[in-house]
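Working notes, beginning with the structure itself.
The values are calculated or read from the model by the stated rules, or taken from the named source; none is laboratory data. If you're wondering where the values come from, they're calculated on a predicted model, not measured in any experiment. Heads up, the Cβs are rebuilt from the backbone with ideal geometry, glycines too, and the neighbour counts pull from every protein chain shown. Remember, those area values only see protein heavy atoms, side chains included, never the ligands or the DNA or RNA. Shrake-Rupley method; radii C 1.70, N 1.55, O 1.52, S 1.80 Å.
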Amino acid sequence: MTLHIEPSDTTIGARILDLPLHRPLDEVEQAAVEKAIYDHSVIVFPDQQISQADLVRFTNYFGIAVPHVRKQLDNRELEEIFIVSNVKENGEPIGALGNAELTFHSDLSYLHEPGTLSILYAIEIPAEGGDTHWCDCYAAYDGLSDEMKHRLVKLRAVHRHYVEGQNPETPASHPVVCTHPATGRKALYVGPHLTKYIEGVSDAESEDLLSRLYEHALRPEYVYRHRWGVGDLVVFDNRCTMHRRDPFPDEQRRVMWRTQIFNDVSPVP
Ligand code: SIN
């Protein structure tokens, strides 16, 4: 079975054009999609027409779709679906994350057992803004000097969510460089949105090192930018990517369904 895979023109991301996801995939198709995810880290399936049950079924091919830690209005058909939206109904947000910019992060890194894959499916998109950008954390690691790689080997960083109630009691700490369990490749695992500091060094050293790493990792050649169309479904691997979202006008509606798979172990080196 051969999928029609179109790689993007950066080091990360590809589109799969000929695979409708409203029907179950057989094992061969599932394996081919999984391989594409490992090869490209971000996979776009344009122009899908799927239900929430289809999205949860598709997610479960790659792990277990787990309800998000953040509580939402319970107007979802399925609790595994997390609504990312700026829309309000009767004055109440129907989802999370509003319309502001979200800076680069790896989903759920503030948990001890963070996210592995996340999936976003576009229901409504604004006319302007709201693009999502994914950074290739393998390429970012590979592009570091040997000296810097050596310096990072034993370092760990603390990750924390800005909504205090979403955090575990003891702060989550992860290696600054993680090895992907399926590909064996090393990836940078720090991002400006959720990484707070590097452990065991002074505040000034932590700040200096993190800002140098971000400046390096977020270079345009490592980033795939996605301009959403309604019906686009994007699967991304949080163990080797970070993502950020552009802001968009609050009077324009953006509604995405998201599912997430959590790890059963920390992303250990
Ligand atoms: C997220 O960070 O999970 C949301 C990304 C987006 O809204 O594009």
Segment 227-252, residues that are closer than 17 Å to residue 137 by Cβ, away from the ligand (no atom under 13 Å from the Cβ) and open to solvent by 10 Å² or more (accessible area, probe 1.4 Å): 239
Given the condition of a type in the set (Asp, Glu), at pLDDT 95 or above and part of a helix (DSSP H, G or I), answer yes or no: does some residue in segment 154-168 qualify? no
In segment 8-29, how many are in contact with a Leu (Cβ under 9 Å, 6 or more places away or on another chain), in a loop (DSSP other than H, G, I, E, B) and surrounded by 11 or more Cβ atoms within 10 Å (Cβ to Cβ)? 4
Among (1) farther than 23 Å from residue 212 by Cα; (2) acidic (Asp, Glu); (3) under 17 Å from the mean Cα position of the chain (by Cα), residue 107 falls short only on (1)
Any chance residue 85 is over 30 Å from residue 32 (Cα atoms), open to solvent by less than 30 Å² (accessible area, probe 1.4 Å), modelled with pLDDT of 90 or more and not basic (Lys, Arg): yes
Hey, among the residues in segment 166-184 that are in contact with a helix residue (DSSP H, G or I) (Cβ under 6 Å, 6 or more places away or on another chain) and in contact (Cβ under 8 Å) with a residue 40 or more places away in the chain, which one's least open to solvent (accessible area, probe 1.4 Å)? 177
Quick check: is even one residue across segment 208-222 part of a loop (DSSP other than H, G, I, E, B) and not aromatic (Phe, Trp, Tyr)? yes
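Conditions (1) among the hydroxyl-bearing types (Ser, Thr, Tyr); (2) farther than 15 Å from residue 255 by Cα; (3) open to solvent by 20 Å² or more (accessible area, probe 1.4 Å), marked per residue:
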{"site": "118", "(1), (2), (3)": "yes, yes, no"}
{"site": "134", "(1), (2), (3)": "no, yes, no"}
{"site": "154", "(1), (2), (3)": "no, yes, yes"}
{"site": "163", "(1), (2), (3)": "no, yes, yes"}
State yes or no: is residue 224 under 17 Å from the mean Cα position of the chain (by Cα), away from the ligand (no atom under 16 Å from the Cβ) and touching a residue at least 60 places away in the same chain (Cβ under 8 Å)? no
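Here's a check for you: in segment 30-64, which residue that is of a type in the set (Phe, Trp, Tyr) and over 16 Å from the mean Cα position of the chain (by Cα) is most open to solvent (accessible area, probe 1.4 Å)? So that I can check it myself, show each step before the final result.
Going residue by residue through segment 30-64, those that are of a type in the set (Phe, Trp, Tyr) are 38, 45, 58, 61-62.
Now drop any that are not over 16 Å from the mean Cα position of the chain (by Cα), which leaves 58, 61.
Working: 58: 5, 61: 51 Å².
That would be 61.
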Within segment 185-195, is there a residue that is more than 13 Å from the ligand (Cβ to nearest atom), touching a residue at least 24 places away in the same chain (Cβ under 8 Å) and open to solvent by 60 Å² or more (accessible area, probe 1.4 Å)? yes
Working only within segment 82-104, note down all residues that are assigned to a loop (DSSP other than H, G, I, E, B) and within 30 Å of residue 211 (Cβ to Cβ). 86, 98, 99, 100, 101
